[in-house]
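Below is one structure, written out as structure tokens, with a few remarks after it.
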Amino acid sequence: MRQTLVAGNWKMHGDKQMVTHLLKKLLTKQTPSVKFLVFPPYPYLSQAAEMLAGSNIGLGAQDCSHAAEGAYTGEVSVAMLTDLGVSHVLLGHSERRQYHAETNEQVLEKAKRVLAAGLIPVVCVGETLEQRQAGATDQVVSQQLSGLLQGLTLLQLQKVIVAYEPVWAIGTGLTATPQQAQDVHGFLRNTVAKVNKNLAASMLFLYGGSMKPDNAASLLKMPDIDGGLIGGASLDADQFLAIGKAAE
Ligand code: PEP
């Protein structure tokens, strides 16, 4: 049985006041059937950890360093994230791939660090519009996934969450249709099934890309969509909660 997960990627938004306001609201509306998870920017992880302590809302970081520690100015290690009470780490988001030239190899390296610390990697995969139009969606996402499937042990893979985020749908207001999203989710689950059927049956696949309260229910009812990774709408507690409600 896969538990529905509704995750909010706050990206580089917010301030102390916003964190307090948003989390206070989320904390009043916890639901047993849907798990919430938030990815605040690094500077607010500590504040969020204090507020979320004892709740069932998970706390994630938006990235981590590939290195354990040392002379890496500006980087944040998995050990530091663990120290702050982080449970999940977002890896390979398309904005990291685009603006920081993050590769599948680096994502794998980071995933190993995250897993070694007992945290959960949420790994993003997804095609650009050009790749979709060229009919290369399956090829792109399977390449992004295959590094993990080859580089991690079965035990490690059992902890991994995958987020399918078509790049053309992120922050654009364009959403994949439920069928388009289901097709890729089904393809990804089948790809994992070739490695191990039980793993494929238990792995969580989240959809991300302009998910909003008005399109969430139709996406989330698809058989291989186990939740959402939400950007813009996660910055508004009411919208984020409404997506959670749609997932119930
Ligand atoms: C994201 O950044 O992961 C995302 C899905 O953003 P949005 O919901 O704003 O498209």
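Describe numerically, in nm with one decimal, the distance between label points set 7 Å from Cα along Cα→Cβ at Ala201 and at Ala101.
In this crude spin-label approximation the distance works out to 4.4 nm.
Round to a whole number: what % of the accessible area of the chain belongs to carbon and sulfur, probe 1.4 Å?
With neighbouring chains kept in place, the figure for the chain is 53 percent.
For the chain, modelled as a GNM with alpha-carbon contacts under 10 angstrom, which of Gln158, Gln150, Gln133 fluctuates the most?
Gln133
Tell me the Rg and the Dmax, in Å, that the Cα atoms of the range 1-125 produce.
Reported Rg and Dmax, both Å: 14.4, 43.
Can you tell me the accessible area per residue over the chain, all protein chains present, probe 1.4 angstrom, in square angstrom?
46 Å²
Might you report the magnitude of the Cβ-based charge dipole of the chain about its Cα centre, with Lys and Arg at +1 and Asp and Glu at -1, to the nearest 20 debye?
560 debye
Classify the range 6-77: rounded, prolate or oblate, from the alpha-carbon gyration tensor (a ≥ b ≥ c, eigenvalue square roots; a/c under 1.5 rounded; otherwise prolate if a/b is larger than b/c)?
Judged from the Cα gyration tensor, the range 6-77 comes out prolate (a/c at least 1.5, a/b above b/c).
Of Gly8, His100, Ala49, which is farthest along the charge dipole of the range 1-116 in the positive direction, counting Lys and Arg as +1 and Asp and Glu as -1 at C-beta?
Most positive-ward Cα: Gly8.
Provide the FRET efficiency to the nearest 0.05 for the Gln30-Met80 pair, computing r from the beta carbons and using R0 = 30 Å.
My answer for the efficiency is 0.65.
Classify the range 1-43 as rounded, prolate or oblate from the Cα gyration tensor: take a ≥ b ≥ c as the square roots of its eigenvalues, call it rounded if a/c is under 1.5, otherwise prolate when a/b beats b/c and oblate if not.
oblate
Please state, rounded to one decimal and in Å, the Kirkwood hydrodynamic radius that the chain gives when every pair of distinct Cα atoms enters the mean of 1/r.
17.9 Å
The values are calculated or read from the model by the stated rules, or taken from the named source; none is laboratory data. Everything numeric here is computed off the predicted structure, so don't read it as measured data. So basically every Cβ, Gly included, is an ideal-geometry build from the backbone, and we count neighbours across all protein chains shown. Surface areas here come from the heavy atoms of the whole protein model, side chains and all, with no ligands, DNA or RNA. Shrake-Rupley method; radii C 1.70, N 1.55, O 1.52, S 1.80 Å.
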